Structure formats: structure tokens, C-alpha cells
Amino acid sequence: MALTVKAVAELAGISVRTLHHYDEIGLLKPAGQSAAGYRLYSREDLERLQQILFFRELGFSLKEIAAILESPGFDRRQALLAHREALLQRKARIERLIATVDRTLAAMEREDAPMDTREEMKELFDGFDPG
């Protein structure tokens with residue numbers, strides 16, 4: 001079943017303009033066209049779009065994504081496993097940041113809890129990326 005640009009944009013939560021741009025730069029070419037000239041996307045196109053969106057979520061540029069997806073050794077399953085691992089790491093970091101906020105709020109409410117040790121001071125920054 002082929003889907004139009006509008007339908008794909010709604011499914012993926014992206015704009016029609018984004019899909020047109022991906023087509024223009026050759027990143028995501030639709031599988032076909034309707035008799036009226038509308039772009040039509042196949043299941044394989046949707047799977048490729050999902051990969052593009054995962055890579056974008058992880059901070060890759062469109063140029064980098066194109067190179068990865070066009071690489072002869074690209075393995076969709078391996079890529080999905082890597083995406084999963086990266087997202088789990090991001091989740092763990094966000095959970096540490098939330099815990100840091102909660103500890104800081106609790107300390108503010110107590111007002112009498114001095115930070116005497118280096119470890120207590122270090123907890124103020126748990127979850128932030130070292131930089």
C-alpha cells in the first residue's frame with residue numbers, strides 16, 4: 001500500500017516540506033508517483049525514513065546519514081540495535097539528571113543540610129556530561 005506525502009508526514013510527525021527536502025537531496029526518494037503526479041511512499045521508504053529519523057535524533061547530519069544508509073555494509077538490524085543502545089544511554093543520563101534535580105530540591109527544602117563532603121558536592125552535578 002503506497003502512501004502520499006501528506007499521509008507519511010502525519011504518520012512520522014514531520015512536515016511535508018521535510019519530505020520534499022529529503023527527496024530533493026536524494027536521501028529519501030519515494031517509490032513511485034500517482035497518476036496525478038503525487039509522490040507515493042512504500043513500506044521500504046517508511047523503514048528508511050524511520051532510520052533517518054533515528055539518526056537525526058542522535059545528532060547525525062543529513063550528509064552523514066546519507067553516507068551511512070548508502071554504505072554497502074549498512075545493516076538495518078545492527079543499526080536499530082545501536083540506536084536502542086544509544087537511546088538507553090540517553091535515558092539513563094536523563095534519569096540521573098532528574099534524580100539530581102530531586103536531591104537539590106529536597107536539600108533546598110531542608111535548608112539545614114550543609115554539603116560537607118566532596119561526594120555531596122559532586123552530587124550537584126551528577127548526570128551532566130563532562131566537558
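Please give the Cα centre distance for region 1-58 versus region 70-104, rounded to the nearest Å. Comparing the Cα centres of region 1-58 and region 70-104, I get a distance of 25 Å.
Taking the Cα centre of region 1-126 as reference, the dipole from Cβ charges on Lys and Arg (+1) and Asp and Glu (-1) amounts to some 700 debye. Expressed as a whole percent, the accessible area of region 1-119 that falls on carbon and sulfur atoms is 55 (1.4 Å probe). By a straight-distance test (C-alpha under 22 Å), which lysines pair with K91 as possible cross-link partners, with residues fewer than eight away in the same chain excluded? Candidates past the 8-residue exclusion: K122. When you count the other C-beta atoms within 10 angstrom of each residue and take the mean per peptide, 68-75, 28-35, 49-56 line up highest first as 49-56, 28-35, 68-75.
A dipole drawn for the chain from +1 and -1 charges on Cβ atoms has a positive end, and of A107, A82, V16 the residue lying farthest that way is V16.
Give the cross-link partners of K29 among the lysines, using a straight C-alpha distance below 20 Å as the criterion and excluding same-chain residues fewer than 8 apart. Leaving aside lysines fewer than 8 places away in the same chain, those within reach of K29 are K6, K63. Label-to-label distance for A99 and L58 is 2.5 nm, based on points extended 7 Å past Cα in the beta-carbon direction.
Taken per residue, the accessible surface of the chain reaches 73 Å², heavy atoms only and a 1.4 Å probe. This structure gives percent of Cα pairs over 25 Å apart, computed directly, and of (i) 33; (ii) 26; (iii) 48 that value is listed as (iii).
The values are calculated or read from the model by the stated rules, or taken from the named source; none is laboratory data. All values reported here derive from a predicted model rather than from experimental measurement. Ideal geometry is used to build each Cβ from the backbone, glycine not excepted, and the neighbour counts take in all protein chains shown. These accessible areas exclude ligands, DNA and RNA; they are computed on the full protein's heavy atoms, side chains included. Shrake-Rupley method; radii C 1.70, N 1.55, O 1.52, S 1.80 Å.
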